[in-house]
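Reviewing the structure listed below.
Please treat every number below as a calculation from the coordinates, not as lab data. In this text, all values refer to a predicted model and were calculated from it rather than measured experimentally. We place every Cβ from the backbone using ideal geometry, glycine too, and count neighbours over all the protein chains shown.
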Amino acid sequence: MPAVIAADRITKSLGGLPVLDGVSLDVGPAEIHALVGLNGAGKTTLMRILLGMPAPDRGSGSLAGVPVSGAGARTWSRLGQMLEAPFAYPELTVRENVYSSARLHGMGRKDAGSAPEAALNSLGLEEYAARRAGTLSLGNRQRLGLAAALVHRPTMLVLDEPGNALDPRGVIVLRQLLQDACRASGAAILVSSHHLDEVARMAGRISVLHRGRVIGNLQPGTVDLERQFFDRVLRADQQRSDEQRSAAQGPGQP
């Protein structure tokens, strides 16, 4: 099946420092593809590029077959997104924030008027609906960001560390919501996380990003994923060190 979300050899430097180096990955319909890596691996930068901010130095991203650089309102209306720090208007209520997200994603006034209740209920936020977003705890701000990403029933989701600040119950609810979105609407979901044990419970594929490169994949359901992850990281670092040593020595030197 054709990819719904795709990165094709994306390369990016920020402040003169390389952040991504030829990253390619894809997410098919009704699939959760997890991206894992250490801090600074490039996960957030990749997701920002797939959301159109910033542009890559080389390579490209696409959403539903449309290049990110040329995506219009129809494509963006099918996408739900949340970056590492979820955005909310602090002076608006929780319900008003979710309603605004629904409208910004193209829902009509009538549908957007009723949609927030379902999104808030699904994330346990109904009792906070009338509270200003700026007064929420960190965990409830995260839930609000998820509600805003899901309210318009998107067929594509790009979620950066969605489990951050969630309690164990919230993590289980998140997992169920994403799996339900795959089953109900065939959503393609790209999610990043530091938590291997949790993504292994929700994802069909896991890619390892390290120092701006995809260095391998992990198979959900296999034992000792953490050991496999660090084995790949250590091998990649050793290979990088060997390449740098060879380059420094020059051709023909032992």
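Observations on the model:
- Among 228, 81, 244: highest mean-square fluctuation, GNM of the chain, C-alpha pairs under 10 Å: 244
- Screening the chain for whole DSSP H helices with an alpha carbon extent of at least 20 angstrom along the helix axis and a mean Kyte-Doolittle hydropathy of at least -1.0 yields 109-122, 168-185.
- Over all distinct Cα-Cα pairs of the chain, the Kirkwood formula returns a hydrodynamic radius of 19.2 Å.
- Where N is the number of residues in region 86-153, Cα Rg divided by 2.2 N^0.38 Å: 0.95
- Oblate is the label for region 43-99, because the ratio a/c of its alpha-carbon gyration tensor axes (a ≥ b ≥ c) is 1.5 or higher and a/b is not greater than b/c.
- When the chain is treated as a Gaussian network with alpha carbon springs shorter than 10 Å, the biggest mean-square fluctuation among 47, 82, 107 belongs to 107.
- Computed lengthening from residue 247 to residue 39, 0.36 nm per intervening residue step minus Cα-Cα distance: 72.2 nm
- Once backbone amide H atoms are built at 1.01 Å from N, residue 28 has 4 as its partners under 5 Å, excluding neighbours fewer than 5 places away on the same chain.
- Net charge of neighbours whose Cβ lies under 10 Å from the Cβ of residue 5, counting Lys and Arg as +1 and Asp and Glu as -1: -2
- Under-5 Å amide H pairs with residue 216, H placed in peptide plane, nonlocal only: 208
- Sparse-neighbourhood loop sites, trypsin sites (Lys or Arg not before Pro) in region 131-175 - DSSP loop, at most 10 other Cβ within 10 angstrom: none
- Near the amide H of residue 19, within less than 5 Å, lie the amide hydrogens of 12, 13, 14, all on another chain or at least 5 residues away, with H placed in the peptide plane.
- In the chain, the calculated helix contribution to ellipticity at 222 nm averages -12500 deg cm²/dmol per residue, counting -39,500 (n - 2.57) for every DSSP H run with n ≥ 4.
- Inter-label distance, residue 118 to residue 219: 3.8 nm, where each label sits 7 Å from its Cα along the C-beta direction.
- Max mean-square fluctuation residue, GNM over the chain, Cα-Cα springs under 10 Å, options 223, 208, 233: 223
- Sorting 70-77, 190-197, 48-55 by average packing, meaning the other beta carbons within 10 Å per residue, from highest down gives 190-197, 48-55, 70-77.
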